[in-house]
Amino acid sequence: MPADHYLDFAATSALRPPEVADAVADFLRDCGATPGRGSHHRALDAGRMVFRTRRALARLLGLHEEPGQVVFGAHATQAINTVLGSLDPGQVLVVTDLDHNAVLRPAHHLAGAGIEVRRVAADPRGELDPDSLERALDGADLLTVNAASNVLGSRLPVGEIAQRARSAGARVLVDTAQTAGHLVDDLAGADYVAITGHKGLLAPQGIGALWIREGAPIRPLLRGGTGGNSLDREMPAALPDRLEAGTLNAPGIAGLAAGIDWLEREGVEAIHRRLSVLRLRLHDGLAGVAGVRVLSPRDPAGAPIVTAVSDRLDPGALAHGLDRRFGVQTRSGHHCAPEVHRLLRTTRAGAVRFSLGWCSTEADVDRAVEGVEALTAFPERSVPR
């Protein structure tokens, strides 16, 4: 097999700093207990680790560090479903063309259950239409906004958008799946922040979080044991217990803590500056290949994503050839973002997404460009048999 060039960090950080795996193994070996389920020293150690990680996550994202405002769950999708599931019939939910199916599918479900769903138009560069946003926010209760498009990498001015929403009387849910750990977002106006661990935060799969502004309305998505108030048939009123039914993924939280520690040592802004240089190198390299159209804007402020199509080779075949012949791992298809691909007119077969991460190098970028150039020059020879 060719040398490994992993460029699918927008899907998951399959490559992680060794400290993350060590932290998971250390927890399982040295503690292994469930936080909040006992007063023995192992359970207390697990609880202290979880408490510290809540605060560290809020600190990294520039959010208020009251630990109860950070609720752990399986992923950003669970966080988003929890917030959207707290709406009542008759209320108005505003989504955007740039949202992931983690938003669009729950919204579609809610539209059949008495919630009015409005959608804000965007353009192919990944920018929201300001007039469409203003119309949609009139009388709205909740706006969801993607901090960065998972297809284009385009970054949204979430601080400005949140200010407009709050001025219109709407609460704001920010999806940080493509920015947490990659970029420093302005989340000051957010009421809810959905977080996933396995991408820019370098944690294992299966751990995510929801940050909730104090006083923002929220209902449990799941109901069950919390380790306390066991005689009460209702879920506890206080956060985070109100939303943390069942056993927490403590090994995943330990890995998340190690990922946060690594990011704080290296500096999120420093990582972003380095990846921005690589992103532009990748963007310009792909744009220089005959027959290749780069869909992502040439914007160094965006997430480290470059998505492209070839007029000579199907996206699936291109991704397959890159993997098998050049060792370059990407993601082809529609990336769980149907409205973005409708904007780009790529609904037939999607596109190929190249996404960078903490350990990406010039060699990875150059190998990807080399592979695309070779495969699209002779498309009939590109797919191994």
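Taking amide H atoms as placed 1.01 Å from N in the peptide plane, the amide H of Leu143 lies under 5 Å from those of Val94, Arg171, Val172, Leu173, each 5 or more residues away in sequence or on another chain.
For the pair Arg59 and Asp30, what calculated FRET efficiency results from E = 1/(1 + (r/R0)^6), where r is the Cβ-Cβ distance and R0 = 25 Å, to the nearest 0.05?
Numbers: r = 25 Å, r/R0 = 0.99.
The calculated FRET efficiency here is 0.50.
Which number do you get for Rg(Cα) / (2.2 N^0.38 Å) in the chain? Ratio of Cα Rg to 2.2 N^0.38 Å: 1.01.
Hey, with R₀ at 51 Å, roughly what FRET efficiency would Val184 and Asp45 work out to, going by the Cβ-Cβ distance, to 0.05?
0.95
The spread of Cα positions in the range 121-194, taken along each principal axis and listed from longest to shortest, comes to 33, 26, 15 Å. With respect to the chain, whose longest principal axis is taken over its alpha-carbon atoms, helix 362-377 is tilted by about 50°. Computed 3J(HN,Hα) for the range 168-180, one whole-Hz value per residue from the Karplus formula 6.51 cos²θ - 1.76 cosθ + 1.60 where θ = phi - 60°, is 8, x, 9, 7, 10, 10, 9, 8, 9, 4, 9, 10, 4, glycine and proline marked x.
Neighbours of Ser310, meaning other residues whose beta-carbon lies under 11 angstrom from its beta-carbon, give a summed charge of -1 when Lys and Arg score +1 and Asp and Glu score -1. Computed over the chain with a Gaussian network model linking Cα atoms closer than 10 Å, the most mobile of Asp26, Asp232, Asp99 is Asp232.
Karplus-derived 3J(HN,Hα) values for the range 50-56, using 6.51 cos²θ - 1.76 cosθ + 1.60 with θ = phi - 60°, are 5, 4, 5, 6, 4, 5, 5 Hz; glycine and proline are entered as x.
Quick one: if you take sqrt(5λ) for each eigenvalue of the C-alpha gyration tensor of the range 10-50, what semi-axes come out, biggest first, whole angstrom? Walk me through the numbers on the way to the answer.
Details: eigenvalues 132, 25, 9 Å².
Sorted largest first and rounded, they come to 26, 11, 7 Å.
Placing a pseudo-label 7 Å from each Cα along the Cα-to-Cβ vector at Ala377 and Val277 gives an inter-label distance of 2.8 nm. Positive-end ranking of Gly36, Asn229, Leu15 along the dipole of the chain, with charges on Cβ about the Cα centre, is headed by Leu15.
What is the sum of charges, Lys and Arg at +1 and Asp and Glu at -1, for the other residues whose Cβ falls under 14 Å from the Cβ of Phe9?
Details: positive: Arg16, Lys199, Arg274, Arg279, Arg331, Arg353; negative: Asp4, Asp8, Asp364.
Value of the local net charge: +3.
Exposure check, 1.4 Å probe, all protein chains in place: Cys359 carries approximately 40 Å² of accessible surface. Entry note, the chain: the mean residue ellipticity at 222 nm calculated from DSSP H runs of n ≥ 4, each adding -39500 (n - 2.57), is -12000 deg cm²/dmol after division by the residues and rounding to the nearest 500. Placing +1 on the Cβ of every Lys and Arg and -1 on the Cβ of every Asp and Glu, with no other charges, gives the chain a dipole of roughly 620 debye about its Cα centre.
Starting from the Cα of Glu134, move 7 Å in the Cα-to-Cβ direction to define the label point; list residues of the range 78-100 whose amide nitrogen is under 18 Å from there. From the range 78-100, the list is empty. Between 0 and 90 degrees, the angle of helix 268-287 with respect to the longest Cα principal axis of the chain falls at about 30 degrees. Entry note, the chain: relative contact order of 22 percent, from Cα contacts under 8 Å with a spacing of 6+ residues. Averaged over residues, the count of other Cβ atoms within 10 Å places the peptides 175-187, 335-347 in the sequence 175-187, 335-347, highest first.
If packing is taken as the mean number of other Cβ atoms within 10 Å per residue, what is the order of 36-44, 286-294, highest first?
286-294, 36-44
Here the range 92-158 carries DSSP beta bridges of which approximately 20% are antiparallel, counting only pairs with both residues inside. The orientation-averaged projected area of the convex hull spanned by the Cα atoms of the range 275-323 comes to 3.4 nm².
For Val120, the residues whose modelled amide H falls within less than 5 Å of its own, excluding neighbours fewer than 5 places apart on the same chain, are Val95, Thr96, Asp97. For the chain, DSSP calls about 50 percent of its internal beta bridges antiparallel. Karplus-based coupling profile of the range 14-22, in residue order and whole Hz: 4, 9, 10, x, x, 4, 5, 4, 4, with θ = phi - 60° in 6.51 cos²θ - 1.76 cosθ + 1.60 and x standing for Gly or Pro.
The values are calculated or read from the model by the stated rules, or taken from the named source; none is laboratory data. A quick note: this is a predicted structure, and the numbers were derived from the prediction, not measured. Methodologically, a virtual Cβ is constructed for each residue, glycine included, from the backbone with ideal geometry; neighbour enumeration extends over all protein chains shown. Remember, those area values only see protein heavy atoms, side chains included, never the ligands or the DNA or RNA. Shrake-Rupley method; radii C 1.70, N 1.55, O 1.52, S 1.80 Å.
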